[in-house]
4 protein chains.
Amino acid sequence: MSASDTESEPGIGRVEAFSDGVIAIIITIMVLELKAPEEPGLAHLWRLWPTFLAYVLSFAYVGIYWVNHHRLLSHARRVTNGLVWFNLLLLFALSLVPFSTAYLGGQHFSRDATLLYLVTMLLPALAYVPLQRIIRATGTQGAAARLYHRQTVRKGVAAALIYLAGLPLTFVSPALGIACAGLVALLWFLPKSPVDSWFDR
Amino acid sequence: MSASDTESEPGIGRVEAFSDGVIAIIITIMVLELKAPEEPGLAHLWRLWPTFLAYVLSFAYVGIYWVNHHRLLSHARRVTNGLVWFNLLLLFALSLVPFSTAYLGGQHFSRDATLLYLVTMLLPALAYVPLQRIIRATGTQGAAARLYHRQTVRKGVAAALIYLAGLPLTFVSPALGIACAGLVALLWFLPKSPVDSWFDR
Amino acid sequence: MSASDTESEPGIGRVEAFSDGVIAIIITIMVLELKAPEEPGLAHLWRLWPTFLAYVLSFAYVGIYWVNHHRLLSHARRVTNGLVWFNLLLLFALSLVPFSTAYLGGQHFSRDATLLYLVTMLLPALAYVPLQRIIRATGTQGAAARLYHRQTVRKGVAAALIYLAGLPLTFVSPALGIACAGLVALLWFLPKSPVDSWFDR
Amino acid sequence: MSASDTESEPGIGRVEAFSDGVIAIIITIMVLELKAPEEPGLAHLWRLWPTFLAYVLSFAYVGIYWVNHHRLLSHARRVTNGLVWFNLLLLFALSLVPFSTAYLGGQHFSRDATLLYLVTMLLPALAYVPLQRIIRATGTQGAAARLYHRQTVRKGVAAALIYLAGLPLTFVSPALGIACAGLVALLWFLPKSPVDSWFDR
């Protein structure tokens, strides 16, 4: 770390290390909601399925953010004021996911809980935008970086639109709202996203 | 890390890594106080607003400490006994923030809770002073370091005075005490602080 | 870290750091299940033995995974998509261990709890397979790496078979299922495993 | 990190990073025992003093272990099997401190709780011995390292003897047992320990 630090410019390494710590805690404390039933019998275990399903979805969601954050910051070259504060804003938005996940599981995917869940998924997507703009402006500038930013901006816009579409669809059925959240996860898992194919035609 | 370690002088990297870990946990476990309501209905969600507001304020507070700590330690050159112990003292003071935050939210910003909250905000500000003195004495010594230390000492003194002013103001109204805490946060967010402008006239 | 980062290839260091964070949290939050009794007297302490025993076993289990992960990733050379996602899958599987450990201790090693425990021990073993295949294919290729992968694949297969054998044995007696979990731990603790000796004859 | 990794020898950096993570979590989750009272009034806050005092003592204790661990591992040169497993044993022993701290505070420093507390303080001291022996044998070998090991072995033996002496003294009065724990903390805080002065006469 210290190698990349100059006197007046603290290194990007500690921003990554702190973000790794916060994201690692966010992704792991969600499992504390999976409370082991005190009564014996597999029937009591089985009743935990909504909490478990919400956990799986949110683990994938936060995991995707870690991967994106990891890639985005690998393009950063210096730690600006903006980078530090908008990174904290992103971490704050992500820190609300355990709360909305607990609510989603505890309310058995009710309409209200699904709406709140989609909103807490939308918040990090919005906080990601200024962080990406800063790193695009001050980070590495090669062809690979340009390609990376173009593709992820597209995916980010697509994700935000899908979450927004999920809000009215949740009024039709919460399952449709959850399907939107799942669709975004799929979009990020695929190495070559359908969004790119569509744009690159 | 190992590159900067000599036989008798453990590197600054692990002090940063440990501090990052502790601060990351402090900033994240506060969200555990946001307990998802078991009853359905948005009215029950809405009742969480004091806990949520206290969380927002404390997240900003601890986040600012991380940023300051990150910058301060980038000026350190060697790990002295004093640096290690006063760093632990600062982490201890910060570790009380989740407690006073839970109390502030749970007591709906009562006078007693606001007083306790301001005190736990004052403690890290006091613990920061010896840490800063040590790093100023043993760390990097260029013009940028001198400017950095001068500006942050000013901000630190201003912050401590505002917290102290908040204590009697809380007896007038807890909202004034909380406003003081918010004012300090603002002071740190601004890249060029009004305190500097005032001094530099 | 930044030294090993090229423009398009984020470094392995952050994958290790994030995994370290998640595994450190998983291994440590299990101790929260050890709830200090509110009543005085050593008899109340003594009643915690099933929870304590489950904690010891799971600490060893997660600790072994950390050691294996640490060694495996030391052979990785680049961060591929597959490595990132299968690493997240492994962390997800490990994150279920605190849950099944709490259930095992809370149910006093009942048959159902032992079955669930063995299943959550089997899951990381399965998630480890694709991660190891990816690192074998894209990582360092010397004789030491080949020997390492051959030995750990053998141990991994042996461990999975012992966990599988533990499932029917648990129907005979939960103690036999737990003995299987303990046997796997022993297998990994030994530097030169009996599995190797058996294969190398 | 990657610089110090050879093909067959994973670096010491990840052992430090994982230990930092675990110790950071141990030291921070203890604050969760400080539960904010739901009733208003400073009298309810005041009743938390035993829990608070136990927290202060344990924070100092775990903090001292982190400092010692940090210094000890700065003398390590290679990651052996023994180092990894005995390091995990030390982390396991330390992970019991939050439990005994909660018990100590919850039982208002009763005799039984003080005995348990002293035992969980003795365990890491014992687990530290083999770790130190391994690093003394395989780590850096200069005069500074020899001096370091000689001094810390003395302090370690003195600490263990004081904890042991605390056990019968607790039967006289728990305050004497707690005083022993405080005495050990003092011993480690002092840069030039009285133990050394006594030996060096």
Other chains' Cβ within 10 Å of D:29-37 residues: what's the mean? 6
Give me the net charge for the shell around B:Phe52: Cβ to Cβ below 15 angstrom, other residues only, Lys and Arg +1, Asp and Glu -1. +1
Copies of D:His108 compared via label points 7 Å along Cα→Cβ give distances in nm, shortest first, of 3.2, 3.2, 4.5
Which value, to two decimals, describes the C-alpha radius of gyration of chain D once divided by 2.2 N^0.38 Å? 1.13
For the range D:90-172, what relative contact order do you get, as a whole percent, if you take Cα pairs closer than 8 Å and at least 6 residues apart? 36 percent
Quick one: with all protein chains in place, what share of the accessible area of the protein assembly as shown is carbon or sulfur, to the nearest percent (1.4 Å probe)? 69 percent
Counting Lys and Arg as +1 and Asp and Glu as -1 over every other residue whose Cβ sits under 11 Å from the Cβ of D:Phe18, the net charge comes to -3
Looking at the protein assembly as shown, I'd like the Rg to Rh ratio, where Rg is from alpha-carbon atoms and Rh is Kirkwood's inverse mean 1/r. 0.94
Tell me the accessible surface of C:His108 in square angstrom (1.4 angstrom probe, heavy atoms of protein chains only), to the nearest ten. 120 Å²
Provide, for the protein assembly as shown, the number of lysine pairs with alpha carbons under 24 Å apart, each pair being eight or more places apart or on different chains. 10
Across the residues of A:43-51, average count of Cβ atoms on other protein chains within 10 Å? 1
At 7 Å out from Cα toward Cβ: B:Leu183 inter-copy label distances (nm, ascending): 5.0, 5.0, 7.1
If you wrap the range D:28-77's Cα atoms in a convex hull and average its projection over all directions, what's the area in nm²? 3.9 nm²
Residue-normalised 222 nm signal for chain C, counting each DSSP H run of n ≥ 4 as -39,500 (n - 2.57), nearest 500 deg cm²/dmol, is -25500 deg cm²/dmol
Any idea what the dipole of chain B comes to, in debye rounded to 20, about its Cα centre with Lys/Arg Cβ at +1 and Asp/Glu Cβ at -1? 740 debye
Candidates A:Gly142, A:Gly13, A:Gly106: whichever shows maximal mean-square fluctuation once chain A is modelled as a Gaussian network with Cα springs under 10 Å: A:Gly142
Between chains A and B, what is the buried accessible area in Å², counting both sides, with a 1.4 Å probe and ligands, DNA and RNA left out, to the nearest 100? 3200 Å²
Over chain C, what relative contact order in percent results from Cα pairs under 8 Å that are six or more residues apart? 22 percent
How many Å² of accessible area per residue for the range A:121-193, probe 1.4 Å? 47 Å²
With +1 on each Lys and Arg Cβ and -1 on each Asp and Glu Cβ, and nothing else charged, work out how big the dipole of the protein assembly as shown is about its Cα centre, in Debye to the nearest 20. 1660 debye
Leaving ligands, DNA and RNA out of it, work out the accessible area of B:Glu33 with a 1.4 Å probe and give it in Å² to the nearest 10. 80 Å²
Please work out the ratio of the alpha-carbon Rg of the range B:125-170 to 2.2 N^0.38 Å and round it to two decimals. 1.37
Would you work out if the range C:1-103 is rounded, prolate or oblate? Take a ≥ b ≥ c from the square roots of the eigenvalues of the alpha-carbon gyration tensor; rounded if a/c is under 1.5, else prolate when a/b is larger than b/c, oblate otherwise. prolate
at B:Gly41 the sorted inter-copy label distances (label 7 Å from Cα on Cβ side), in nanometres, are 3.0, 3.0, 4.3
Using Cα-Cα distances under 8 Å and only pairs 6 or more residues apart, what relative contact order does the range D:1-107 have, in percent? 44 percent
Grab the beta carbon distance between C:Leu32 and D:Glu38, set R0 = 25 Å, and tell me the FRET efficiency rounded to 0.05. 0.75
Report, as an integer, the average count of C-beta atoms from other chains found within 10 Å of each Cβ along D:96-104. 4
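The values are calculated or read from the model by the stated rules, or taken from the named source; none is laboratory data. Since this is a predicted model, take the numbers as computed values, not measurements. Counting neighbours? That spans all protein chains shown, and the Cβs are built from the backbone with ideal geometry, glycine included. Ligands, DNA and RNA are excluded from the accessible area calculation, which covers all protein heavy atoms including side chains. Shrake-Rupley method; radii C 1.70, N 1.55, O 1.52, S 1.80 Å.
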